Amino acid sequence: MAIEFKNVPFSVKQIVKMIDKETIIFDYPIQRSDGQWKIDQKSLLIDSLIKNYPIPAVYFVGDKEEITITKGGKEVSDLVTVRTTLDGKQRMTNFYSYVKGEYALSKDMKPVVIDAQEYEIANKTFEELDEEVQDNILSRTITSYTVEGDIVTDEEIADLLFRLNNGVPMTTQQKSKALMGLKWAEKINDLGEHILIHNLAAFSKSQIRTEAHITALIQTMMMLDGKYEYINVSQKVISEYSQTFQDDPEYKETLIEKVKEAMDYLSNILGKKEKLLLKKVHFPMTLITALEAKQKGIQEEEFFEWLTYFKSALKEEEGSEIEIPTNYLEYTGSGTVDKVKAIGRMNEMKRHMNEYFNKKEVLQ
């Protein structure tokens, strides 16, 4: 059966009010995270509103919800449609944040003309704009399409989002989340909110925005997955792997638990950001090694001692009690997505840790 969308236009003013009232929400885990656009992109969007240039339609899944409102001094129940954004999150959140005064337009914006009158908009917040310009923004109508949530499946929603974004610049990883399905995208997003990612790992703001941390988490799962034969650890292959989650859900659940176990273990150890071993290229190897340490019963403080020693070994620093060299760096540099290099890094890090603790046990 064909999916039926209702076409209901909304003004920017209405969209802002609906976001305030939470009748437009942004909860779908297969959506891109906030903050994807830079100031020039945001400014161009607002400029397009002012000039009445075409703005792509937005898409929602609508669900009827009963809410309590005050009417005539009394609290009464009302049935409203709560629209969860399927496509258009970046546009609407930028409308909202600009109208709310959260940023100023680029200093490079050129004046706009309304009814033969020229107005400056460069470097101005919404409140600083002339009233005529504000009115042009708030009154601008955006085409929207809403499908009823009770007649569409999660699989149809995920497929639709993938199709909507197939021609726009989402990253490969962001597109693959749509094919992963809502359940798994939500679980991976939850992992991506772990304290290790945001407080202790060495992911830049740009990498978080493009979901490089999600790629690193799925790469870790892929390298732990004894049932999947990967040819390399490129973004494309990692994304292809993420599309297999629905094939063996119970096993994938165990892999997610293992990754979380390793992340918890490391977050208990680290007191500050780990700028070397939790860079994206080393992140999966460090997690996998931490998981092995935990499974072997190595205490957290002892693992931290090894981690510190391993970094010294990488830098070929001397003066350590136990001299254990490593050739880990031979598996870095160009071609780090090569399978031989990725496995080489993983095996060498684990080998070094195991040798460290074996020698330490002998010395004791």
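The values are calculated or read from the model by the stated rules, or taken from the named source; none is laboratory data. Only a predicted model underlies this, so the values are computations on that prediction, with no experimental measurement involved. Neighbour counts run over all protein chains shown; Cβ positions are idealised from the backbone, glycine included. To get the accessible areas, we keep the full protein, side chains included, count just its heavy atoms, and leave off ligands, DNA and RNA. Shrake-Rupley method; radii C 1.70, N 1.55, O 1.52, S 1.80 Å.
Across the cross-link table entries 107/272; 107/273; 183/227; 51/100; 258/311; 100/236, which are compared at the Cα atoms, the separations over 30 Å belong to 107/272; 107/273; 100/236. Summarising the label geometry, the points placed 7 Å from Cα in the beta-carbon direction at residue 267 and residue 38 lie 3.2 nm from one another. The charge dipole of the chain, taken about the Cα centre with unit charges on the Cβ atoms of Lys, Arg (+1) and Asp, Glu (-1), comes to about 640 debye, rounded to the nearest 20.
Run the numbers for residue 153 and residue 338: contour at 0.36 nm per residue of separation, minus the present Cα-Cα distance, in nm. Mind dumping the intermediate values first?
Values: separation 185, 0.36 × 185 = 66.60 nm, distance 3.81 nm.
Fully extending the segment from residue 153 to residue 338 adds 62.8 nm.
Solvent exposure of region 192-249, expressed per residue, is 42 Å² of accessible area, with all protein chains present and a 1.4 angstrom probe. Which value in nm describes the separation of the simple spin-label points at residue 229 and residue 131, placed 7 Å from the Cα toward the beta carbon? About 7.3 nm separates the two model spin labels.
Taking Cα atoms only, the orientation of helix 182-192 departs from the longest principal axis of the chain by about 60 degrees.
On the protein heavy atoms, probe 1.4 angstrom, tell me the percent of accessible surface of region 15-109 carried by carbon and sulfur. Don't skip to the answer; put the middle values down first.
Values: 2310 of 4990 Å².
Of all accessible area on region 15-109, carbon and sulfur atoms account for 46 percent.
Scalar couplings 3J(HN,Hα) for region 117-130, obtained by applying the Karplus form with A = 6.51, B = -1.76, C = 1.60 to θ = phi - 60°, are 10, 8, 10, 7, 10, 4, 6, 10, 7, 4, 5, 7, 6, 5 Hz; x denotes Gly and Pro. Annotation: per residue accessible area for region 266-364 equals 54 Å², rounded to a whole number [probe 1.4 Å, protein chains only]. Summarising the label geometry, the points placed 7 Å from Cα in the beta-carbon direction at residue 6 and residue 123 lie 4.7 nm from one another. Using 0.36 nm per residue and subtracting the Cα-Cα separation, the extra length available between residue 102 and residue 302 on full extension is 67.4 nm.
What the Cβ-Cβ distance of residue 202 and residue 75 gives, at R0 = 45 Å and to the nearest 0.05, is a FRET efficiency of 0.30. If both residues of a DSSP beta bridge must be in the chain, then about 75% of such bridges are antiparallel.
Pop out the carbon and sulfur fraction of the accessible area of region 232-364 as a percent, whole number, probe 1.4 Å. Write out the running numbers ahead of the final one.
On the way: 3290 of 6870 Å².
Of all accessible area on region 232-364, carbon and sulfur atoms account for 48 percent.
Close amide H contacts of residue 144 (hydrogens built in the peptide plane, cut-off under 5 Å, sequence separation of 5 or more or a different chain): 8, 10, 58.
Computed packing ranks the peptides 223-231, 8-16, 200-208 as 8-16, 200-208, 223-231, most packed first, by mean other Cβ atoms within 10 Å.
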